[in-house]
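Read-outs throughout are calculated quantities, based only on the coordinates presented, and are distinct from any laboratory measurement. Bear in mind the structure is a predicted one, so any value in this text is a computation, not a measurement. With ideal geometry, Cβ positions are generated from the backbone for all residues, glycine too; neighbour counts draw on all protein chains shown.
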Amino acid sequence: MRIRRLTLFPLLYAVVFVGVALWLSGGDALRPFVRGQLILVRLLAIAGCFAAVSAFERGDHLRRAWLLLGVSTILVLARDLLRLPPFALPGSGVSAGALVVSGLGVLSNVGLLAGIWLLARAWRVAAISLPVGRGGVVGVTLVAAVLALLVAGPSALQHAREVAAGDLSALILLVSAVVDILSLLLLAPLFLTTLALRGGLFAWPWGLVTASVLAWLLYDGAAAVAPSLAPGGFPLPDVFRGLAENCVFVAGLAQKRAVDQVRRTA
């Protein structure tokens, strides 16, 4: 299958998810469906990341990037499973179960940021010439910073106040909001690397990771509007979460396909 066709998968998945969610809206089956697809998109993202990992040799810069993205997704999947019956750990507040769940969330966010950072600086490692000068990089970064602060800034400030007041359960939410802001700041090198590689196979992985980061921005915006799944309500945040994870899934497959094709040609 061509990479171009693979890139349609996240959108097709989103369309199917929206259709099924609307069909189940108002029924008892909606919540289990949303939970199930949450696990599914995490597993797909993990598969994509480790497909990309398999394309590189040990010690390779990009191998470390995809490995971090894969491990971070495994950690967040473990957190999700521990929050769902029958695996749910007991307790709230600062109980041992809550600390384990929060710890997995913090580690997964740190791993995600580290992986995106390694991908974002790949243009330096590979000596890729960006299509704009320093001023263009600064301009794109400023736009990304404004978007990040507008969408994730209020949430980060609110959770920081909650943590300062002694609510440690808000720590993972604070870390997640800060990671979202920092990830969006990396949009500039990701997007500009995509432009520099346009027309080639290697443009697809960077373009899809850029799309994933943008989907997480939309997820934050949707979560602010609908912070929880009300009975019969439409799970809008999960649409964008699925897009984000599926973009990583296809990005990993595209990365492996591109590397394999270059090796066959060589």
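For the peptides 7-17, 65-75, what is the packing order when you average, over each peptide's residues, the other Cβ atoms within 10 Å and list the highest mean first?
On the way: 7-17: 15.9, 65-75: 23.5.
Ranked by mean Cβ neighbours within 10 Å, highest first: 65-75, 7-17.
Under a plain spin-label model, where a point goes 7 Å from the Cα along Cα-to-Cβ, how far apart in nm are residue 47 and residue 263?
2.1
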